[in-house]
1. Run the numbers for A:Tyr243 and A:Lys6: contour at 0.36 nm per residue of separation, minus the present Cα-Cα distance, in nm.
2. Please state the equivalent ellipsoid semi-axes for the range A:61-362: what are the square roots of 5 times the Cα gyration tensor eigenvalues, largest first, in whole Å?
3. Could you tell me the calculated FRET efficiency between A:Asn41 and B:Gln276, based on Cβ-Cβ distance and R0 = 56 angstrom, to the nearest 0.05?
4. Peptide B:280-291: average number of partner chain Cβ atoms within 10 Å per residue?
5. With θ set to phi - 60°, apply the Karplus curve 6.51 cos²θ - 1.76 cosθ + 1.60 along the range B:28-43 and write out the HN-Hα couplings as whole Hz, x wherever there is a Gly or Pro.
6. Could you work out the helix-only [θ] at 222 nm for chain B, with each DSSP H run of four or more residues adding -39,500 (n - 2.57) and the total divided by the number of residues, to the nearest 500 deg cm²/dmol?
7. Can you tell me which of B:Ile212, B:Ile37, B:Ile100 moves the most in a GNM of chain B? Springs connect C-alpha atoms under 10 Å apart.
8. Which residues among the range A:185-229 fall inside the zone where the amide N is under 19 Å from a point 7 Å beyond the Cα of A:Glu236, along Cα→Cβ?
Amino acid sequence: MSVPAKLPRWAEFGLLPFINLTVALLLSGAIIRIMGESPWNAFKLMGAGAFGSQDSIGYTLYYATNFIFTGLAVAVAYHAGLFNIGAEGQAYMGGLGTGLVCLGLGHWPLWAVLPLAVLAGAGFGAAWAFIPAWLQARRGSHIVITTIMFNFIAAALMTYLLVNVLIKPGQQSPETREFAPGAVMPAMHELLAKVGISFSATPFNLAFGFALAASVLVWFFIWRTRWGYALRVAGENAQAAVYAGISPPRIIIGAMLLSGALAGGLGLNEIMGAQHRLVLDFPGGAGFVGIAVALMGRNHPAGIFVAAVLFGALYQGGSQLSLDLPKVNRDMVVVIQGLVILLCGAMENLFRAPLAAMFRRKDGE
Amino acid sequence: METYTLIVLLLAATLRVAAPLLLAALAGMFSERSGIIDLGLEGKMLGASFAAAAVSAVTGSAWLGLGAGIVTAVALALIIGFACITHRGNQVVAGMAVTIMVAGLAPTLGLAWFNLGGQTPQLDGPGQRFTAISWPWAQAAREAPFPGLLYAELLSGHNLIVYFTLILVPLSAWVLYRTRFGLRLRAVGENPLAVDTAGISVNALRYQAVIISGVLCGVAGTYLSTAASSGFVRDMTAGKGYLALAALIFGKWRPWPTLGACLLFAFTDALAVRLQGVTLPGVGVIPVQFILALPYVLTVLLLAGFVGKAVAPKAIGVPYSKEK
């Protein structure tokens with residue numbers, strides 16, 4: 001294995017992601033130019049659309065909440081040396097768990113429903129990740145392929161359930177009835193109103209708090225516990241882990257359970273917080289955004305938070321952009337997402353090697 | 001007689017669904033046999049289907065569309081190659097990145113150029129599409145059910161790309177197992193160090209492999225937008241690239257078994273369309289979703305070793321560097 005060139009911490013977590021993002025934005029700017037719009041104008045509109053008002057900030061953070069959950073999911077698996085492409089399917093199933101609790105126990109008070117909804121979301125997500133994990137650990141089936149297959153199987157299963165089983169009787173569109181008020185995640189503007197702060201009504205909700213709590217827990221788990229240490233060792237070098245008495249199969253299964261549980265958290269925001277019912281395809285690609293977020297955030301919860309807010313801003317700003325510039329639509333954001341994954345993930349050596357050489361020269365080695 | 005006609009039509013539909021799958025699966029075969037995981041199949045196909053439809057719409061020639069589709073898919077393949085071979089980047093990440101990028105880029109450019117909400121204009125002019133070729137006396141043969149109908153529906157009545165795809169299977173098998181290039185390709189996917197020691201460039205071989213993959217994905221994408229339908233629509237591939245990858249694994253990275261897997265998967269697809277809402281005696285209505293999910297479930301079972309065993313090329317996913 002070629003060892004990636006070492007960089008100082010600030011360059012690793014600050015400079016390199018910044019360069020990657022800048023290049024991704026420059027390339028997208030070039031595409032906007034080709035389409036006959038001014039890139040500068042487009043980015044300005046996007047910035048204003050994402051942060052210009054309370055409304056837009058609310059939406060930005062609401063999108064960011066989804067991406068924190070999926071970003072953490074990808075990162076935990078990554079630390080164990082696994083590439084989890086299945087966050088999309090795990091989030092889909094996790095949302096099903098949360099949704100079933102909200103549908104079934106909606107007449108209970110919120111303080112009783114909420115913990116169960118969290119547990120069900122995490123549990124369903126973890127369960128969906130368990131099968132590919134077990135197959136990788138015990139039968140050596142490539143987890144990238146199996147998690148892709150499980151995304152499709154989850155999509156088929158959810159379509160079946162929503163069309164044939166859970167659909168609200170007497171309606172055409174495949175979605176469930178709305179949750180009872182007791183099973184709705186409190187919206188941020190309502191909570192802020194209670195302490196005397198007025199904030200626009202947006203889908204931004206308490207699930208953001210859960211996402212932050214999950215970030216802290218993931219940080220503590222990976223860098224401050226024995227278990228997290230074992231996970232990182234197994235991810236760095238499975239052979240060394242075996243000599244240290246760590247069982248890689250157990251790490252694989254444990255890491256994927258945690259990864260799936262985190263992805264399952266998306267349902268708290270999207271289903272319990274925003275939609276208030278189960279609908280088709282509610283993850284909407286957030287599982288794949290999670291890959292970009294984790295890569296750009298260097299698989300660290302703090303970096304993931306920043307990257308998730310950035311992608312939240314891109315999604316919110318992008319939908320604003322399509323209203324103002326008729327030639328540019330929201331798909332432009334998906335292009336930026338792909339470029340970020342390419343530059344931060346697959347081509348990171350492109351800038352890493354020259355940067356490392358520059359720092360070596362400065363240190364006078 | 002009714003059942004017989006139904007079966008013949010079902011098989012003909014299977015062949016039409018299988019063609020792009022098979023093209024993409026064979027594309028993946030060349031790439032993966034050289035040691036490069038090909039998660040970019042979906043993106044290369046989608047890019048090609050957009051480029052082909054766009055160029056065919058503007059120039060009025062399906063052949064120029066095919067050329068544009070191939071050029072686009074090869075360009076995308078070279079991005080993957082540059083990231084994974086030259087810069088030794090993560091192959092899974094590179095494939096995902098290209099797929100996501102194209103998923104955004106195709107409708108973006110489509111909107112800017114044609115102003116149709118991300119689609120390309122309808123291809124209805126003469127020569128803008130690859131249309132079905134009727135073999136001699138096919139119309140007359142239809143009168144006699146057997147073997148006439150079989151001849152008219154199954155052998156005749158497909159477009160050029162379908163026939164090309166069918167020739168491609170023996171051709172790929174010959175290239176892979178009977179030529180020097182094929183031998184080297186298989187070797188570089190199993191043990192690149194040995195190939196390097198023999199004085200053959202690992203990187204050059206792998207670049208050749210991803211370019212072949214690009215060409216075949218280009219044809220597959222062109223098929224989707226200019227043969228199977230008339231124009232590009234958003235997310236046109238709808239997971240076919242991943243289904244092709246599953247077929248490749250199901251076919252154990254070999255041409256003939258991959259043909260079998262593609263036909264099986266395409267058959268389930270054609271069957272699902274036929275069985276939509278149909279009540280079967282004794283069984284009731286089979287949910288279409290279950291039939292559509294079958295290829296993925298089967299592939300997982302195969303990967304788990306419950307039905308046969310699929311062994312990937314040994315060096316797959318591992319970037320090769322001389323210094324080690």
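1. Extra length from A:Tyr243 to A:Lys6 when fully extended: 82.7 nm.
2. 32, 24, 19
3. 0.70
4. Per residue, the average neighbour count from other chains is 2.
5. x, 4, 5, 5, 6, 5, 8, x, 10, 4, 10, 8, x, 3, 4, x
6. Result for chain B, helices only: -21000 deg cm²/dmol.
7. B:Ile100
8. A:219-229
The values are calculated or read from the model by the stated rules, or taken from the named source; none is laboratory data. Fair warning: this is a prediction, and the values are worked out from it, not measured in the lab. Note: ideal-geometry Cβ built from the backbone for every residue, glycine included; neighbour counts use all protein chains shown. Just the protein is used for accessible areas: all its heavy atoms, side chains included, with ligands, DNA and RNA removed. Shrake-Rupley method; radii C 1.70, N 1.55, O 1.52, S 1.80 Å.
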